[in-house]
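What follows is a set of notes on a single structure, which appears directly below.
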Amino acid sequence: MIKTNPIEVDRDKGNFHYNTDYEFDAGIGLSEDVVRYISDVKKEDSWVKDFRLKALNTFEKKKLPTHWATKDLENIDFDIIRYYLSKGQMPSRTWEEVPDDVKRTFERLGIPEQERKFLAGVEAQFDSEAAYSRMKDDLSEKGVIFVGSTEGLKEHPEIFKKWFGKVIPTSDNKFSALNSAVFSGGSFIYVPPGVKLEQPLQAYFRINAENFGQFERTLIIADEGAEITYMEGCTAPKFETSTLHSAVVELVALKGAKIQYVTVQNWSNNVFNLVTKRAMAHEESEVRWIDCNIGSRLTMKYPGVILRGRKARGEVLSIALANDGQHQDTGAKMVHAADETTSNVIAKSVSIGEGRSTYRGLVQMPGHLKHCKNNTECDALLINSDSQTDTYPAITVQGEDHSVQHEASVSKVSAEQIFYMQQRGLSEADAMSMCVNGFVNDLIREFPMEYSVELKRLIDLEMEGSVG
Amino acid sequence: MSTLKVHNLSVNIEDKTILNEFSLEVPAGEVHAIMGPNGSGKSTLSKALAAHPSYDVLGGTAELDGCNLIGMEPDEISRAGLFLAFQYPIEVPGVTIANFIRAAIQARMEDSKSFKAVDYYKELYQKMDDLGIDRKFTSRSLNDGFSGGEKKRCEILQMAMLDPKFCILDETDSGLDIDALRVVSAGVNSMRSAERGFLVITHYQRLLDYIVPDKVHVMWEGKIVRSGDKELATELESKGYDWIKEELAA
């Protein structure tokens, strides 16, 4: 870790941009016409178009949540954003068929290698639509569905419609409403009863165009006893103006199912990343969000689990790194809605330079339930004296026999620690990196191996130039 | 051959002068002990030589093999060959002993050389066995939750692994029981060689029964006020420091 080897994966990895001609372009700004255009291009059924138009109306009515969230949200100019850009609606099934400019982008990001190495399936989204989507043949034979949302709506409307918008209603918040109006891309996954995926499925989200808004919509359904791990990665080039990424992700774990959802986000510093993620966990099912937020200008994301079946289990493991000019506003929501449900939240944040990290937690345990458990730990590490962290845990527990545990800590890397490590020969920056890696290490171990290696490198790079 | 030559070193902490034109020479191959009452400047000397940021060097030089350490960064001084075993080793949560020592070794390796993990662990385990440190400690966080004795053993382990040219032991005997003192001293003695120098800072003569010094210096108000052989330590032990203060006052 200490010798700075030539690094292949880094924060600048995504900072490149090839000029691309788009066949479909909804133009600049948001209106009913834009929403109709998107729906027409996708040749959607009328119920989807109506759903979108209703959502647009909700979006326009809802205020920005600046009464509790940062005023920086007011700097998003919805009138200059481009809401839909694509080269076509149907993704290629082989790399050869992917258009050259798009292929170049994903090859540079290492997507085809990763697929060969350790994945059961890959979807690569370029701006609004999936450019490539493929899954191992034996999984389709077992009835597993892994396609983009556009294709999912067309090919599997009966499953899609049953669950779509049921975990996160359009009106949940202003950005879920915006997503519901203009959503495009994202993954649609269905795992049939008892099917257990041994390798992860992965989606890669790439913003390529300037002033573009990416609004993917992901819906994952694990039927009874099914198991799946899904991973997503994201990058964008560094443009002069800001970019909006506002996804909605809904997970449904039916009886005894297990879903693990892993995010490694490495946005450039001008991305507003405002994402709504929530899962519905039925009886004896297990949902685990593993979430790592690096980069972006502002991230607001609080993955949640609604524990609606007896003995359901929800977990959020979250790492956030806030560097200069960044605000990571992250957390978790655990809504206990059945007896004997358990939830666990472990959140670690690192604030570097003038970076700011915020933890917001919500835990609800109503009085009519029995034997629910929650454990929450949130730890913040401050690197510099300008670094900032704040914590807002909201835990509502009613009734007699629940068990709730909450721990929070704030620590600063001390000058004595750095001196001690330097006395053994490590440079100040390397000492700092080791402290930060040490702080997040137990959580990083929970990540799939391929990701944990990349993550450690990303953290080292974030630490560069952060001292002195 | 590594000689430590300190000349007229003056050091302030928060505008208070602690070391006042301090001079000392420890030739390669020798072990020198510095004794003295609390507040005489012993620990300041060790911290200042290691370039702790809270200590301001006002003047003077400290040469290791002719290279002036004053003005260098703490990590540069370490890589130049000076090792300081801390009086109070710092806890670093999350950073394991094995990873930390490995990083410290890699920090002093030439780029062309590749690190051999198998050899590294062989050597690490051997030295842990010698110092009576359980091998499970490799995956424990550095000094985190260690007892006083465990911390001191871990300091000597790092010293042995990093193979420094010159070692300063700052009150390594404090907080050690007699068995730990023996083991730690044996570890230090096994590193004595014609090339390596040691500066042993202690309050008590007891340590010097195990690590027998070539010379003993007494420090008082930021200066060396008396030097002698190991008998001086025995004399101090029986008479205390007051007789030196009285002699100086006279």
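Just so it is clear, none of the values below were taken in a lab; they were calculated from the coordinates. All figures in this text were calculated on a predicted structure; none of them were measured in a lab. Positions of Cβ are generated from backbone atoms using ideal geometry, with glycine treated the same way; all protein chains shown enter the neighbour counts.
If the cut-off is 27 Å between C-alpha atoms, which lysines fall inside it for residue B:47, apart from same-chain ones fewer than 8 positions away?
In chain and number order, the partners are A:3, A:412, B:5, B:16, B:127, B:151, B:152, B:165, B:215, B:223, B:230, B:245.
I'm checking a number: the convex hull volume of the Cα atoms of the range A:182-222, normalised per residue, in Å³. What is it?
Looking at the range A:182-222, the number lands at 54 Å³ per residue.
Can you list the residues of the range B:15-52 with backbone N under 12 Å from a point 7 Å past the Cα of residue B:5, pointing along Cα to Cβ?
Hits in the range B:15-52 for residue B:5 at 12 Å: B:24-28.
At 4 °C and a viscosity of 1.567 mPa s, what translational diffusion coefficient does Stokes-Einstein give for the range B:146-250, taking Rh as the Kirkwood radius over Cα pairs? Give it in µm²/s as a whole number. Don't skip to the end; give the middle numbers.
Numbers: Rh = 14.9 Å.
The diffusion coefficient I find is 87 µm²/s.
Give the relative contact order (percent, whole number) for chain A; include only Cα pairs under 8 Å separated by 6+ residues.
The normalised contact order for chain A reaches 10 percent.
Can you tell me the relative contact order of chain B? Whole percent, Cα pairs under 8 Å, sequence separation 6 or more.
About 29 percent, as a whole number.
Place a point 7 Å from the Cα of residue A:73 along the Cα-to-Cβ direction; which residues of the range A:171-186 have their backbone N under 15 Å from it?
The answer is A:171-179, whose backbone nitrogens lie closer than 15 Å to the label point.
How many partner chain Cβ atoms sit within 10 Å of a residue's Cβ in peptide B:88-94, on average, as a whole number?
Details: counts 2, 1, 8, 4, 11, 6, 10.
Neighbouring Cβ atoms belonging to other protein chains average 6 per residue here.
To the nearest 0.05, how large is the calculated FRET efficiency for residue B:65 and residue B:212 if R₀ is 25 Å and r is the Cβ-Cβ distance? Write out the running numbers ahead of the final one.
On the way: r = 25 Å, r/R0 = 0.99.
Calculated transfer efficiency: 0.50.
I need two numbers for the range A:340-443: Rg to one decimal and Dmax as a whole number, Cα atoms only, in Å.
Cα only, the range A:340-443: 17.8, 59 Å (Rg, Dmax).
Dipole of the range A:15-423 (Lys/Arg Cβ +1, Asp/Glu Cβ -1, origin at the Cα centre): which of A:244, A:51, A:205 lies farthest to the positive side?
Going by the charge dipole, the pick is A:51.
Tell me, which longest segment in chain B has none of the GluC sites (Glu not before Pro) that fall in DSSP loops with at most 14 further Cβ atoms within 10 Å?
That gives B:15-109 as the longest site-free run.
Residue A:49 to residue A:166: FRET efficiency via 1/(1 + (r/R0)^6), r the Cβ-Cβ distance, R0 25 Å, to the nearest 0.05?
0.85
Can you tell me the FRET efficiency between residue A:23 and residue A:412 if r is taken as the Cβ-Cβ distance and R0 is 56 Å, rounded to the nearest 0.05?
Values: r = 52 Å, r/R0 = 0.93.
It comes out at approximately 0.60.
Taking 8 Å as the Cα distance limit and 6 or more residues as the minimum spacing, I'd like the relative contact order of the range A:227-314 as a percentage.
With pairs under 8 Å counted, the relative contact order is 31 percent.
How far is helix B:117-130 tilted, in degrees, relative to the longest principal axis of the Cα atoms in chain B, given as a value from 0 to 90 rounded to the nearest 10?
Tilt of helix B:117-130: around 50 degrees.
Fully extended, how many nm does the chain gain between residue B:221 and residue B:235 (0.36 nm per residue separation, minus their Cα-Cα distance)?
Going from the current span to full extension adds 3.0 nm.
Need one number: % antiparallel among DSSP beta bridges in the protein assembly as shown, to the nearest 5.
Values: 36 of 181 bridges.
In the protein assembly as shown, DSSP labels about 20 percent of beta bridges as antiparallel.
Please check: in the Gaussian network model of chain B (C-alpha springs, under 10 Å), which one of B:82, B:24, B:69 has the largest mean-square fluctuation.
Comparing B:82, B:24, B:69 in a Gaussian network model of chain B, the most mobile one is B:24.
May I ask you to list the chymotrypsin sites (Phe, Trp or Tyr not before Pro) in the range B:9-86 that are in a DSSP loop and have at most 13 other Cβ atoms within 10 Å of their Cβ? List each step's numbers first, then the result.
Details: sites: B:22, B:55, B:83, B:86; in loops: B:55, B:86.
Hits after loop and neighbour filter: nothing returned.
Of all chymotrypsin sites (Phe, Trp or Tyr not before Pro) in the range B:111-170, which ones are in loop regions per DSSP and have a Cβ with at most 13 other Cβ atoms within 10 Å?
Values: sites: B:115, B:120, B:121, B:125, B:137, B:146, B:166; in loops: B:115, B:146.
Answer by residue number: B:115.
What residue among A:31, A:131, A:98 has its Cα farthest toward the positive end of the dipole of the range A:15-423, where the charges are +1 on Lys, Arg and -1 on Asp, Glu, each on the Cβ?
Highest projection toward the positive end goes to A:31.
Pick out which of B:98, B:85, B:50 has the largest mean-square fluctuation in a Gaussian network model of chain B, springs linking Cα atoms closer than 10 Å.
Among B:98, B:85, B:50, the largest GNM mean-square fluctuation belongs to B:98.
Per the helix-only calculation at 222 nm, which mean residue ellipticity applies to chain B, given -39500 (n - 2.57) for every DSSP H run of n ≥ 4 and division by its residues, nearest 500 deg cm²/dmol?
Value at 222 nm, helices only: -10500 deg cm²/dmol.
For peptide B:50-60, what's the mean number of Cβ atoms from other chains within 10 Å of each residue's Cβ?
Counting other chains' Cβ atoms within 10 Å and averaging over B:50-60 gives 2.
When the helices in chain A are scored as -39500 (n - 2.57) per DSSP H run of 4 or longer and the sum is shared across all residues, what 222 nm value do you end up with, to the nearest 500 deg cm²/dmol?
Result for chain A: -7000 deg cm²/dmol, rounded to the nearest 500.
At a Cα cut-off below 13 Å, give the aspartates and glutamates reachable from residue A:61, other chains included and same-chain residues fewer than 8 away excluded.
Reachable aspartates and glutamates: A:172.
Got a sec to turn the phi values of the range B:76-93 into Karplus ³J(HN,Hα) couplings, 6.51 cos²θ - 1.76 cosθ + 1.60 with θ = phi - 60°, whole Hz, x for Gly and Pro?
5, 4, 4, 5, 6, x, 9, 10, 10, 7, 6, 5, 10, x, 8, 7, 10, x
Exposed loop sites here are trypsin sites (Lys or Arg not before Pro) in DSSP loop states with at most 10 other C-beta atoms within 10 Å. What is the longest stretch of chain B lacking them?
Here the longest run is B:117-250.
For the range A:204-284, state which GluC sites (Glu not before Pro) are in a DSSP loop and have at most 14 other beta carbons lying within 10 Å of their beta carbon.
In loop regions of the range A:204-284 (DSSP not H, G, I, E or B), the sparsely surrounded GluC sites (Glu not before Pro) are A:240.
Taking every DSSP beta bridge with both residues inside the range A:15-423, roughly what % is antiparallel (nearest 5)?
Given both bridge residues lie in the range A:15-423, the antiparallel proportion sits at roughly 10 percent.
Test of understanding: given chain A, find the longest segment containing no chymotrypsin sites (Phe, Trp or Tyr not before Pro) that are in a DSSP loop and have at most 15 other Cβ atoms within 10 Å. Write out the running numbers ahead of the final one.
On the way: sites that count: A:16, A:18, A:68, A:78.
Within chain A, the longest run free of exposed chymotrypsin sites (Phe, Trp or Tyr not before Pro) spans A:79-468.
P(r) for the range B:115-206, please, calculated from all Cα pair distances in 10 Å bins and given in %.
Percent of Cα pairs in each bin: 15, 49, 31, 5, 0.
What does the convex hull of the Cα atoms of chain A come to per residue, in Å³, rounded to a whole number?
So the per-residue hull volume is 139 Å³.
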